[in-house]
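J.: For reference, the structure I am asking about is given below.
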């Protein structure tokens, strides 16, 4: 580890903290229907959309109506995308003459982009036409908005009293698209073009290499997709190599921009949350807990990567672990990017996670297994963290001698039931599918590395799917029918196992009267609660994976340091 | 045995042996089903026992030894939990038994519609029936006195041996079935059908305490069941992972890990905590109609307290003689004294006492044998004495001046000033006159109960708003409110204003607690979330409340709030402790499970436990014995100090959170040292 590396990471965290308030205030203005500088342009467009779609702006929805609207919206997105992928060859903008996608891959990809996972069981430049890439991009605009809508509804559930409705899904959708997604990704794409991202619709370029061979270099609207992929915490890159590709990330400046874009909304949402519940300390506490875990993870990974591989050291090769890393970025930036991609759940990678040191891999697994709550993607990260806050309040809240309350709302049997459900399902799916994979022929066949590393690969795939992260550890045949379907199911469960209980909780809380704060109120802000929240995430959320992690990255780590290797491999 | 006697009953040896027997009986799976956490442990115990038998038959002595010990400790885990529950239940049952013994079969003298009296068994009386009860007889059922006055011995339910007066009309008209009339004769109208009397309800409540879960208990049970389910899946998935890794893990070790991870500590003690909370309330002579009400007491954020009797002594005390110009204080005091010598009211006695203290008068009522007394009545608003040609009067600031004017006297302007001043200070002015001359004013002061200020401050620190209810005018009320430090007051309170006040607080999200006794309190009691009715009160008030204070002590509400909080705190502390324990258990068992296939994982054995077998056994033993070790705490409850929630949270998180993280590391290590020293299992690493 170098001083510059650590300082850089600390400065980055400081930037995130500085970003929270302005972004949060902007979001507050957008969703509280206050004046913003975009109103003159967007307000007429918004009204037009409502008139065309027959949406009545002021009509609010109950939690069930809200959920059904969300479900319908997701379903249509899935069907349309699935259809287009199946008939890709017959559609325009296909200069590289890509063929139709098969049913397995189309299902997996459509689920993946609908759920904001962006797990890619395909290589973009070798599978997708420009038209399909654009359709994927449409989902990259829309799927994060589902998460955003979820958190908006949930926060309303916490902040409103004696009410019945959680807002109007169509209004939340439209306002997010017009005021947040479109303008910022437009600006982001412009800056990325300036930093060197290509943005064209032309045919692939054939280059003659120095050795005299030829190489086809893929082209396309890279900047456009890159901006929304990072901003929307999607992570489905234009190229198979994702953010490590020089066209996606030509330099450190563009890497930093992508990071900032990815963090902006999730970080800003914490401030927005505090603002809506009229106590910004609540938002800062949540952000503090998230960043404390994020910083710890980043530094641990950076340390592991910087120390490098002891087996190579025995061979006289000293220094950081550079396997699978872009030389341009080095261990510090790569650690920051990989912790970020698993923490914020955007899932685009700038280094090969498969080649991280075992402890580095452990960090990425931890970030996803804890429920993608360390920052997390648009809305769902904060949502998961608030579900943990509810659990923390319930577990420890009784200790102050009152029925536990969060933000004045009593946490009772129904809320506990739903929060428990939200916690159980992801654990079941990750562990159940992983267990199936390592005991079934189809599952075992897709594992390229033997020993504990193979188990890490499997755990990573399902954790990434359930967490709607979308990044891949690698070393796993993600395109094999077994993983295409299991990961596809994991993504669906991961998304909807969260949506239903969360909206049900919001629907129950919104009807409750709030207990006014007094000296007898369990304080849900400050260092103490932040620490309690972290402990809950670690003990209740992540430690259940301890047996699995012991056999995966931990076993590998200790074996590596005692000079043991697991031979063979593909 | 009365409830009172039960107070002395603690963990006697007979109670322990009875509970031990009950613990075995509770092993019945049908009973265990109601507690999913412990049910899983029982199933696990069964599996390991079967595994042990299998190993015995297979002749694998070493593994048999280990598996058998695990099986024994798992069974003990279940038994310890059952024992805790049985112990708490046993105390409740004894209390119920004591109550039931008072409900002896009585024969009642029922007044028929025709007016004749027939003898019927007490158990046949229905609502509306009238019975006559005379001295020496037991009141057959709950009712209201409609005629007569009697002294009643209620020691059977209250434990208080001093008899109480019960009389028709007024706020002391309710009588309870099972109590004994000591003097006189009363006619009672029955207000409860058989099986629905006060005692019946209390008995069924105490006995049914296990089956009736409170809202927080239900929520916690859901969470514990959820955690248990998660760990079942975690363990089920661990086996395939182990197989994939080439590790052989026995069912026994998997079950041991499962039992260690699921929240057995709180799961095993939860019902004991709830039952013992109810028992503690009973020990303070409060009967609650539901566990829900006790829990709500912990949630109360506003409490209404009657000024008289709760905040101030019931009676006003004379504290100052204020003579008018030209009058000696001694003259005023002497007049006040003679007019009060025969006045048996506490106010009168306090005047006598003050006068004697100030001027060492020696007169007694013997000296006034030929005097003529004028009793205080609601109409005259004054009392007095005529003797030796003197006419002394004392009374309200309206009636006495009127008397003086009648006698042809005039009023000094200072009198009005003093009357206003005393009123503003929260006192009651009593004007004294002799003939046509006003002598002065006696300052009767509301005496604040000793210690009440501190208790109110404690409530405020705990975040509870205190509201004083008084019939006084707002000026007087405000003075006392400021003096004792209540947050708000309701002056000139009527049943309607009380009810409105409660409703308004509830609309703002507060839970309101109050104490009441009179019939006119019943609407407010019915509206309040926690309503404590005094046993001495009317039947209507007792029906409206959800708790009855047998001692009829107005400050009991404060105790009830503390007990409510204590139950929740105890439950929360044990939950936190239980969950925090998991960390150490992972570090004990996980390396032990996989160290053979991945020797490097031995690095996770940070406690340096001797061998895989000793590590697993030590963790299981720790998990089991922590339950009986915590039984006293569960029965007694975590100590509650009325400080702010932030402080309580910090302290309890430190003790039960951090303690819960650290203690098992120490405990498991110590047990492992013992296991190693005794060579209980294979010590091969």
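J.: Checking the condition at pLDDT below 85, within 12 Å of another protein chain (Cβ to nearest Cβ) and part of a helix (DSSP H, G or I), which residue from A:555, A:542 passes?
T.: Details: A:555 fails: at pLDDT below 85.
Just one listed residue meets the conditions, A:542.
J.: Considering (1) surrounded by fewer than 24 Cβ atoms within 10 Å (Cβ to Cβ); (2) facing chain B (nearest Cβ under 7 Å), say which one residue A:410 fails and leave the rest.
T.: In the conditions (1) surrounded by fewer than 24 Cβ atoms within 10 Å (Cβ to Cβ); (2) facing chain B (nearest Cβ under 7 Å), residue A:410 misses (2) alone.
J.: What's the number of the only condition in (1) within 14 Å of chain B (Cβ to nearest Cβ); (2) surrounded by 21 or more Cβ atoms within 10 Å (Cβ to Cβ); (3) not in a loop (DSSP other than H, G, I, E, B) that residue A:508 fails to meet?
T.: (2)
J.: Now a separate question. For residue A:479, all conditions in the list (1) farther than 30 Å from residue A:385 by Cα; (2) crowded, with 19+ Cβ neighbours inside 10 Å; (3) touching a residue at least 60 places away in the same chain (Cβ under 8 Å) hold save one; what is the number of the exception?
T.: (2)
J.: Here's another thing I want to ask about it. I'm trying to understand the selection: among the residues of the stretch B:599-626, which are outside any helix (DSSP H, G or I) and within 14 Å of chain A (Cβ to nearest Cβ)?
T.: First, the residues of the stretch B:599-626 that are outside any helix (DSSP H, G or I): B:605-611.
Within the stretch B:599-626, B:605, B:606 meet the criteria.
J.: Additional query: Just checking: which of the strands (runs of 3 or more DSSP E) contained wholly in the stretch B:419-536 hold 3 or more residues that are in contact with a helix residue (DSSP H, G or I) (Cβ under 6 Å, 6 or more places away or on another chain)? First the steps, then the outcome.
T.: On the way: elements: B:428-434, B:437-448, B:465-469, B:488-490, B:512-516, B:530-534.
In the stretch B:419-536, the matching strands (runs of 3 or more DSSP E) lie at B:428-434, B:437-448, B:512-516, B:530-534.
J.: If a residue counts only when it is in contact with a helix residue (DSSP H, G or I) (Cβ under 8 Å, 6 or more places away or on another chain) and either modelled with pLDDT of 95 or more or buried (at least 24 other Cβ atoms within 10 Å of the Cβ) (or both), which helices (runs of 4 or more DSSP H) contained entirely in the stretch B:19-109 have at least 2 such residues?
T.: Numbers: elements: B:29-32, B:36-58, B:61-102.
In the stretch B:19-109, the matching helices (runs of 4 or more DSSP H) lie at B:36-58, B:61-102.
J.: Of all residues being more than 7 Å from chain A (Cβ to nearest Cβ) and part of a helix (DSSP H, G or I) in the stretch B:212-230, which is modelled with the lowest pLDDT? Just the residue, please.
T.: Keep residues of the stretch B:212-230 that are more than 7 Å from chain A (Cβ to nearest Cβ), which gives B:212-214, B:217, B:220-221, B:224-225, B:227-228.
Going one step further and asking which of them are part of a helix (DSSP H, G or I), we end up with B:217, B:220-221, B:224-225, B:227-228.
Details: B:217: 89, B:220: 93, B:221: 93, B:224: 94, B:225: 94, B:227: 93, B:228: 95.
Step by step, filter the stretch B:212-230, then rank; the result is B:217.
J.: Another one. When residues of the stretch A:75-117 are filtered for being touching a helix residue (DSSP H, G or I) at 6+ places or on another chain (Cβ under 9 Å) and part of a helix (DSSP H, G or I), how many remain?
T.: So the count comes out to 24.
J.: Of everything in the stretch B:378-399 that's in contact with a helix residue (DSSP H, G or I) (Cβ under 9 Å, 6 or more places away or on another chain), crowded, with 16+ Cβ neighbours inside 10 Å and closer than 22 Å to residue B:473 by Cα, which residue is modelled with the lowest pLDDT?
T.: Result: B:380.
J.: Can you name every residue in the stretch B:545-557 that is touching a helix residue (DSSP H, G or I) at 6+ places or on another chain (Cβ under 9 Å), surrounded by fewer than 24 Cβ atoms within 10 Å (Cβ to Cβ) and part of a helix (DSSP H, G or I)?
T.: Matches in the stretch B:545-557: none.
J.: Among the residues of the stretch A:442-464 satisfying the criterion of being outside any helix (DSSP H, G or I) and touching a residue at least 40 places away in the same chain (Cβ under 8 Å), which is farthest from the other protein chains (Cβ to nearest Cβ)? Let's see the steps before the verdict.
T.: Of the residues in the stretch A:442-464, the ones outside any helix (DSSP H, G or I) are A:446-450.
Of the ones still in play, those that are also touching a residue at least 40 places away in the same chain (Cβ under 8 Å) are A:448-450.
On the way: A:448: 15, A:449: 12, A:450: 10 Å.
That would be A:448.
J.: Check B:670, B:635, B:629 and return the single one that is outside any loop (DSSP other than H, G, I, E, B), surrounded by fewer than 17 Cβ atoms within 10 Å (Cβ to Cβ), more than 10 Å from chain A (Cβ to nearest Cβ) and under 27 Å from the mean Cα position of the chain (by Cα). Spell out how you get there, then give the answer.
T.: On the way: B:670 fails: under 27 Å from the mean Cα position of the chain (by Cα); B:635 fails: surrounded by fewer than 17 Cβ atoms within 10 Å (Cβ to Cβ).
The conditions single out B:629.
J.: Restricting attention to the stretch A:209-218, does a residue exist that is in contact (Cβ under 8 Å) with a residue 24 or more places away in the chain and buried (at least 16 other Cβ atoms within 10 Å of the Cβ)? Explain how you work it out, then say what you get.
T.: In the first step, residues of the stretch A:209-218 are kept if they are in contact (Cβ under 8 Å) with a residue 24 or more places away in the chain; the result is A:218.
Filter once more, so that each one left must be buried (at least 16 other Cβ atoms within 10 Å of the Cβ): A:218.
Yes, the stretch A:209-218 has at least one match.
J.: Then there's this: Return the only residue of B:442, B:464, B:452, B:480 being within 14 Å of another protein chain (Cβ to nearest Cβ) and at pLDDT 80 or above. Before the answer, list the steps.
T.: Values: B:442 fails: within 14 Å of another protein chain (Cβ to nearest Cβ); B:452 fails: within 14 Å of another protein chain (Cβ to nearest Cβ); B:480 fails: within 14 Å of another protein chain (Cβ to nearest Cβ).
The match here is B:464.
J.: Before we move on, is residue B:318 buried (at least 19 other Cβ atoms within 10 Å of the Cβ), in contact with a helix residue (DSSP H, G or I) (Cβ under 9 Å, 6 or more places away or on another chain) and more than 30 Å from residue B:544 (Cα to Cα)? So that I can check it myself, show each step before the final result.
T.: Details: buried (at least 19 other Cβ atoms within 10 Å of the Cβ): yes; in contact with a helix residue (DSSP H, G or I) (Cβ under 9 Å, 6 or more places away or on another chain): yes; more than 30 Å from residue B:544 (Cα to Cα): yes.
So residue B:318 fits the description; yes.
J.: Go over the candidates B:326, B:309, B:298 one by one and state the one that is part of a helix (DSSP H, G or I) and at positive phi.
T.: On the way: B:326 fails: part of a helix (DSSP H, G or I); B:298 fails: at positive phi.
One residue alone meets the criteria, B:309.
J.: Go through (1) part of a loop (DSSP other than H, G, I, E, B); (2) surrounded by 24 or more Cβ atoms within 10 Å (Cβ to Cβ) for residue B:343 and report which single condition fails.
T.: It is condition (2) that residue B:343 fails.
J.: Considering only residues that are farther than 22 Å from residue A:229 by Cα and touching a residue at least 40 places away in the same chain (Cβ under 8 Å), which ones fall in the stretch A:465-476? Working first, answer last.
T.: Start the filter on the stretch A:465-476 by keeping residues that are farther than 22 Å from residue A:229 by Cα, which leaves A:475-476.
Once the filter is applied, which keeps residues that are farther than 22 Å from residue A:229 by Cα and touching a residue at least 40 places away in the same chain (Cβ under 8 Å), the stretch A:465-476 yields only A:475.
J.: Turning to a different aspect of this structure: Report, by residue number, each residue of the stretch A:516-526 that is touching a residue at least 12 places away in the same chain (Cβ under 8 Å) and either more than 13 Å from chain B (Cβ to nearest Cβ) or in contact with a helix residue (DSSP H, G or I) (Cβ under 8 Å, 6 or more places away or on another chain) (or both).
T.: Here is the first cut: in the stretch A:516-526, the ones touching a residue at least 12 places away in the same chain (Cβ under 8 Å) are A:516-517, A:520-522, A:524-526.
Listed by number, the residues that qualify are A:520, A:521, A:522, A:524, A:525, A:526.
J.: Looking at residue B:427, is it closer than 27 Å to residue B:555 by Cα, over 26 Å from the mean Cα position of the chain (by Cα) and buried (at least 22 other Cβ atoms within 10 Å of the Cβ)? Spell out how you get there, then give the answer.
T.: Working: closer than 27 Å to residue B:555 by Cα: yes; over 26 Å from the mean Cα position of the chain (by Cα): yes; buried (at least 22 other Cβ atoms within 10 Å of the Cβ): yes.
Considered against the rule, which asks whether it is closer than 27 Å to residue B:555 by Cα, over 26 Å from the mean Cα position of the chain (by Cα) and buried (at least 22 other Cβ atoms within 10 Å of the Cβ), residue B:427 comes out as yes.
J.: From the residues in the stretch B:235-260 that are more than 20 Å from residue B:584 (Cα to Cα), part of a helix (DSSP H, G or I) and in contact (Cβ under 8 Å) with a residue 60 or more places away in the chain, which one is farthest from the other protein chains (Cβ to nearest Cβ)?
T.: B:251
J.: Tell me, which helices (runs of 4 or more DSSP H) wholly within the stretch A:283-371 include 1 or more residues that are at pLDDT below 90 and over 16 Å from the mean Cα position of the chain (by Cα)?
T.: On the way: elements: A:310-314, A:330-343, A:358-369.
In the stretch A:283-371, the matching helices (runs of 4 or more DSSP H) lie at A:310-314, A:330-343.
J.: Let me ask another. Give A:178, A:192 a once-over and let me know the one that is buried (at least 18 other Cβ atoms within 10 Å of the Cβ), modelled with pLDDT of 80 or more and within 25 Å of residue A:327 (Cβ to Cβ). Steps first, please.
T.: Details: A:178 fails: within 25 Å of residue A:327 (Cβ to Cβ).
Checking each option against the conditions leaves just A:192.
The values are calculated or read from the model by the stated rules, or taken from the named source; none is laboratory data. Keep in mind the model is a prediction, meaning the values are calculated, not measured. Using ideal geometry, Cβ is built from the backbone for each residue, glycine included, and neighbour counts are taken over all protein chains shown.
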